[in-house]
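The values are calculated or read from the model by the stated rules, or taken from the named source; none is laboratory data. Please read these numbers as outputs of a predicted model, since none were measured by experiment. Cβ sites come from the backbone with ideal geometry, for glycine too, and all protein chains shown count toward neighbours. These area figures cover heavy atoms from the full protein model, side chains too; ligands, DNA and RNA do not enter into them. Shrake-Rupley method; radii C 1.70, N 1.55, O 1.52, S 1.80 Å.
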Amino acid sequence: MDYKIVLSDIDGTVITTDHRVLPRTAAAIRQIAEKGIPFALVSARMPEAIYPIIEEIGVRAAVISYNGALVITPDGTEIHDERMTRTHVEAVLHRISGAYPQAPMSYYAGHTWYVRDRADPEVRREEEITTVTSVEADFDALIADDILPNKLFVMGKPELIACMERELAAAFPNLSVMRSLPHLLEIIERTVSKATGIERLLAHYGIDRTEALAFGDNYNDIEMLRYVGHSVAMGNAPDEIKDIADSVTEANDADGIYHFLKKIHMVE
């Protein structure tokens, strides 16, 4: 099969455990781009936390951000921007502030990351990892100004996040509540997924989903892996993700993307 687009998750997939893109992986992505095959990064991250990775790879790439809520073409055109409803945002914030006041919340709206306290250690750690600077804000004031988020985000100890995931998923069946990492909890509209974001991007390019190849490693990649024509799980993925994927490649720390693209003769 000659794939017409390659898509990849970021954390645990295209970048290593220490948040780098390995040289062979970057070179492989540049090779497919030079052949005229579009490349896209698909992530729960905000755009500003994705652009430095695109620069590190050295390629023009589309961005599917916030697990599909915001889709941006390589020239910067936003072709899809889905926000949470005011009712959902207010209800989630009220529930978390009452039951989990110790959990640091993030409020992602378009190209801005809002927090209540930049000095919080979890916020500082996320800033270091993503190289994005957060902005302190009153969330109620943002809602009043009709600045609604694409995503709400909670950081904390894995046991706290697991507990919050169970409770919030039960309390808000119309929202998607999932861990992207053991210490990170993502909350978005249920109508949003990596698959819906990919669908928007494929429509823009005029590419059928059977012609799409995607790499992923975690639970928030499931919809993407099931949607595309050929899905590849990284060697570091949980067994459940490997069972869903069509193929399994080496781990992110072992150039998994490069090895699979070479195996199917998309790169040298």
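Annotations
- On inspection, residue 13 passes the criterion of being closer than 22 Å to residue 242 by Cβ and either of a type outside the set (A, V, I, L, M, F, W, C) or touching a strand residue (DSSP E or B) at 6+ places or on another chain (Cβ under 8 Å) (or both).
- Just one of the numbered conditions (1) in a helix (DSSP H, G or I); (2) surrounded by fewer than 18 Cβ atoms within 10 Å (Cβ to Cβ) is not true of residue 195: (2).
For (1) in the same structural domain as residue 119 (by the TED database); (2) of a type outside the set (A, V, I, L, M, F, W, C); (3) under 18 Å from residue 42 (Cβ atoms), each residue gets a yes or a no:
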residue: 177; (1), (2), (3): yes, no, no
residue: 180; (1), (2), (3): yes, yes, yes
residue: 209; (1), (2), (3): no, yes, yes
residue: 235; (1), (2), (3): no, yes, no
residue: 256; (1), (2), (3): no, yes, yes
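- Residues in region 234-256 that are under 13 Å from residue 11 (Cα atoms) and of a type in the set (A, V, I, L, M, F, W, C) were compared, and the one that is most open to solvent (accessible area, probe 1.4 Å) is 251.
- Candidate set: region 200-211, residues that are touching a Lys or Arg at 6+ places or on another chain (Cβ under 7 Å) and either assigned to a helix (DSSP H, G or I) or open to solvent by less than 10 Å² (accessible area, probe 1.4 Å) (or both); chosen: the one nearest to residue 89 (Cα to Cα): 202
- Among the residues of this structure, residue 147 does not count as one that is at pLDDT 95 or above, among the β-branched types (Val, Ile, Thr), within 18 Å of residue 89 (Cα to Cα) and open to solvent by less than 50 Å² (accessible area, probe 1.4 Å).
- Criterion (open to solvent by less than 20 Å² (accessible area, probe 1.4 Å) and under 18 Å from residue 50 (Cα atoms)) met by exactly one of 132, 115: 132
- The residues of region 91-103 that are surrounded by fewer than 17 Cβ atoms within 10 Å (Cβ to Cβ) and in a loop (DSSP other than H, G, I, E, B), listed by number, are 101, 102.
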